[in-house]
Amino acid sequence: MSAVRAPFFLRWLSPEYLVCELPGPEKVIYVTFDDGPVPEATPEVLDILAKFNARATFFMVGDNVRKYPDVFSRVKEEGHALGNHTFHHLNGWHTPPGLYLDDVSRCGEYFDTRLFRPPYGRFTPSQYFLLRNDFRFILWSVLTWDFHRHTTPEQCLKNAIDYTGNGAIVVFHDSQKAMANVRYALPRFLEHFLNLGYCFKSLDKVI
C-alpha cells in the first residue's frame with residue numbers, strides 16, 4: 001500500500017484550479033466516492049450516509065451513469081454532489097490528451113458539473129491545461145485505500161481517521177471490490193467525527 005496523502009508536489013499547482021483540501025473556520029469534512037454508480041455498492045453507501053445525515057460528493061464514471069440511471073438518479077435526489085470521473089475511467093498517463101478530453105466531454109453529456117477527479121489521480125500537464133478552465137481538479141488529502149486487496153477493514157478505518165482533520169477531502173469508493181471495507185469503515189468514520197463535532201458537506205457547497 002502506498003501513501004494515504006496526495007503527492008506533495010501537486011499542492012504547488014494553483015488552488016484556483018486544483019484542490020487537495022479545504023481548511024476553514026468550521027469543523028467540516030468532505031467525503032467523496034469514486035467509480036460508481038453501481039447497484040452493488042452505491043445504494044448501500046447512500047443508506048449509510050442517510051443514517052448519519054451526511055452529504056458527500058460522488059465522482060462518477062460516465063459509462064456507469066449510462067448503465068445504471070436509476071442509481072444515478074437516487075444520488076442526485078438525496079442531495080449529493082456530482083463529479084466527472086471520465087466516461088471510461090481512463091488512466092491519464094496512458095491516454096493522449098485529445099482522447100482524454102473527448103472522454104471527459106462524453107461523461108459530461110450525462111450530467112453537468114465543474115468538479116473533476118482524474119482516475120487514479122493520474123493526469124499529464126497537457127490534460128491539466130486543457131481542462132482547468134472548465135473544471136476544478138479535486139484530488140484528496142486522505143486516500144483510504146479501501147479498494148486495495150491487502151487493505152483490511154480495520155486498516156481502512158485507521159487510514160481514514162488518522163489522517164483526517166478540518167477541511168479534509170477523503171476518498172472512498174462506491175465499487176464492488178471496495179464495499180467490504182466501506183461497509184465496515186464508513187459508518188464508524190462518520191460516527192467518530194460526528195462525536196467530535198464535525199459535519200459532512202458536499203463540495204458543490206464550497207466550490
Practice prompt. Report those helices (runs of 4 or more DSSP H) wholly inside the range 43-136 carrying at least 2 residues which are of a type in the set (A, V, I, L, M) and more than 26 Å from residue 201 (Cβ to Cβ).
Written response: 97-108
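Tell me, which residue of the range 164-185 that is in contact with a strand residue (DSSP E or B) (Cβ under 6 Å, 6 or more places away or on another chain) and of a type outside the set (Val, Ile, Thr) is surrounded by the fewest Cβ atoms within 10 Å (Cβ to Cβ)?
Taking the range 164-185 first, the residues in contact with a strand residue (DSSP E or B) (Cβ under 6 Å, 6 or more places away or on another chain) are 164, 167-174, 182.
From the residues that got through so far, the ones that are of a type outside the set (Val, Ile, Thr) too are 167-168, 172-174.
Values: 167: 19, 168: 22, 172: 28, 173: 23, 174: 30.
Applying the filter and picking the extreme gives 167.
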Discussion item. If residue 53 meets every condition in (1) modelled with pLDDT of 95 or more; (2) closer than 21 Å to residue 164 by Cα; (3) within 15 Å of the chain's Cα centre (by Cα) apart from one, which number is that one?
Written reply: (3)
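Please go through the range 1-37 and give me each residue that is modelled with pLDDT of 65 or more, in a loop (DSSP other than H, G, I, E, B) and surrounded by 19 or more Cβ atoms within 10 Å (Cβ to Cβ), ordered by number.
If the condition is that a residue be modelled with pLDDT of 65 or more, in a loop (DSSP other than H, G, I, E, B) and surrounded by 19 or more Cβ atoms within 10 Å (Cβ to Cβ), then 20, 22, 35, 36, 37 are the ones that fit.
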Worksheet item: With respect to residue 77, is the statement that it is closer than 19 Å to residue 41 by Cβ and modelled with pLDDT of 95 or more true?
Response: yes
Fill in: Single unsatisfied condition, residue 145 versus (1) out of contact with any strand residue (DSSP E or B) (no Cβ under 6 Å at 6 or more places or on another chain); (2) crowded, with 16+ Cβ neighbours inside 10 Å; (3) in a helix (DSSP H, G or I)
(3)
Worksheet entry | Failed item, numbered, when residue 174 is tested on (1) of a type in the set (D, E, K, R); (2) under 21 Å from residue 76 (Cα atoms); (3) free of Cβ contacts under 8 Å to residues at least 60 places away in the same chain | (3)
Worksheet item: If you go through the range 116-132 one residue at a time, how many are over 20 Å from residue 171 (Cβ atoms) and touching a residue at least 24 places away in the same chain (Cβ under 8 Å)?
Response: 4
Fill in: Residue satisfying all of: in the range 148-159; assigned to a helix (DSSP H, G or I) and more than 18 Å from the chain's Cα centre (by Cα); surrounded by the most Cβ atoms within 10 Å (Cβ to Cβ) among these
155
Worksheet item: Is at least one residue of the range 33-45 within 21 Å of residue 192 (Cα to Cα) and more than 15 Å from the chain's Cα centre (by Cα)?
Response: yes
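Return a yes/no flag: does the range 160-176 have any residue that is of a type in the set (S, T, N, Q), over 21 Å from residue 64 (Cβ atoms) and not in a loop (DSSP other than H, G, I, E, B). Before the answer, list the steps.
So the first thing to find is which residues in the range 160-176 are of a type in the set (S, T, N, Q), and the list is 164, 166, 175-176.
With the extra rule that they be over 21 Å from residue 64 (Cβ atoms), the set shrinks to 164, 166.
From what's left, not in a loop (DSSP other than H, G, I, E, B): none.
No, the range 160-176 has no match at all.
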Worksheet, complete the sentence: Inside the range 109-120, the number of residues satisfying the requirement of being within 17 Å of residue 138 (Cα to Cα) and crowded, with 17+ Cβ neighbours inside 10 Å is 6
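Considering each of 105, 141 in turn, give the residue that is of a type in the set (Gly, Ala, Ser), touching a residue at least 12 places away in the same chain (Cβ under 8 Å) and more than 26 Å from residue 40 (Cβ to Cβ). Steps first, please.
Details: 105 fails: touching a residue at least 12 places away in the same chain (Cβ under 8 Å).
None of the others qualify; the one that does is 141.
The values are calculated or read from the model by the stated rules, or taken from the named source; none is laboratory data. Keep in mind that what you see is a predicted model, and the values were worked out from it rather than measured. Every residue, glycine among them, receives a Cβ derived from its backbone with ideal geometry; neighbour counts consider all protein chains shown.
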